Amino acid sequence: MVTIRAVRLVDDLDGSEAVETVELGLDGRAFEIDLNAAHAAELRRKLAPYIASARRVRRDTRPRPGAGTVHSRREAAEMREWARLNGMEVADRGRVPTSVHVAYANRQGPAEPTPRSLHSRSHDSGSEARRSRTRPMEPNA
């Protein structure tokens, strides 16, 4: 069976059929508005004197050098534990070195389970234990 989904643009001002999405920015914020041909022309006509006097700004969306991936504390702890199990030296605090990030991303699996990671494993009868990404349940007080 084939399913065809059609996307129809609706003019955000009057609900008529829109022909384009116009992107614009003001006060450091970016906006999009779907407009029919008449509304798009009117918007451009009214903004023309302001745009003619404005300077064009290019936004650099490339990551800055040294801007690494931010991981949660739990992810960083998992990386550190994995690195230690695999003979890598890693500090208890601070940034996880890029070499550890790369090795962890390319890993084939954990070296060995540790007592801390055992309580986050689920055991199915007759199946191999799989690592769970959920937190262990807190005991009722």
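The values are calculated or read from the model by the stated rules, or taken from the named source; none is laboratory data. Just so it is clear, the model here is predicted, and its values are computed rather than measured. Virtual Cβ from ideal backbone geometry, glycine too; neighbours counted across all protein chains shown.
What to note about this one:
- Odd one out for residue 117 among (1) surrounded by 10 or more Cβ atoms within 10 Å (Cβ to Cβ); (2) modelled with pLDDT under 60; (3) in contact with a helix residue (DSSP H, G or I) (Cβ under 8 Å, 6 or more places away or on another chain); (4) in a loop (DSSP other than H, G, I, E, B): (4)
- Taking the criterion of being surrounded by 10 or more Cβ atoms within 10 Å (Cβ to Cβ) and either among the hydroxyl-bearing types (Ser, Thr, Tyr) or part of a strand (DSSP E or B) (or both), the residues of region 13-31 that qualify are 16, 17, 20, 21, 22, 24, 25.
- So residue 71, is it surrounded by 11 or more Cβ atoms within 10 Å (Cβ to Cβ), at pLDDT below 90 and not β-branched (Val, Ile, Thr): yes
- For residue 20, the criteria (1) under 27 Å from residue 8 (Cα atoms); (2) at pLDDT 95 or above hold in every case but one, which is (2).
- For residue 29, the stated conditions hold: it is under 20 Å from the mean Cα position of the chain (by Cα), modelled with pLDDT under 95 and closer than 30 Å to residue 12 by Cα.
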